[in-house]
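Below: one structure, written as structure tokens.
Throughout, read-outs are computed from the coordinates displayed, never taken from laboratory work. From a predicted model like this one, the values you see are computed outputs, not experimental measurements. Cβ placement follows ideal geometry from the backbone for every residue including glycine, while neighbour counts extend to all protein chains displayed.
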Amino acid sequence: METVLTKTIISGALTLLLIVSGVWLRKNGEPYKTDIFTIHKLAIVALVVFVVLIYINHLKTFSFNGTGFILFIISDVIFLVAFISGALLSFEKIVSYQLKIVHRLVSWITILFVPVIWLVCH
């Protein structure tokens with residue numbers, strides 16, 4: 001139980017850092033300040049590594065029913081879209097209003113999917 005609580009606290013803290021730095025970037029506008037942008041990028045890299053380790057552990061220990069597995073796959077795709085759209089936003093030539101909207105939308109959907117998967121799979 002302690003490892004589940006620890007992993008939840010770490011992933012929650014990284015997600016909170018990611019949200020705060022993302023909102024901070026949005027409020028300050030373009031061009032993005034390097035220090036905030038670096039914090040945002042480092043937080044997402046740390047969160048991705050941590051989530052992959054949790055996913056691997058979950059895949060070994062849980063037997064997913066049909067709904068849980070489908071939600072798991074959908075959340076992976078949404079997380080990937082958020083990650084790729086965020087990476088594309090870091091290139092100045094590719095930045096567009098629609099890409100920013102997609103990134104914001106899928107980022108929040110990803111965050112909302114976490115408790116849903118948690119409830120379905122546990």
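Overview of values
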| quantity | calculated |
| --- | --- |
| Stretch in the chain that is longest and holds no trypsin sites (Lys or Arg not before Pro) that DSSP places in a loop and that have at most 13 other beta carbons within 10 Å | 34-92 |
| Helix-derived mean residue ellipticity, 222 nm - over the chain, DSSP H n ≥ 4, -39500 (n - 2.57), to 500 | -30500 deg cm²/dmol |
| Label corresponding to Rg/Rh (Cα atoms, Kirkwood Rh) when calculated from the structure given, among (1) 1.00; (2) 1.07; (3) 1.15 | (1) |
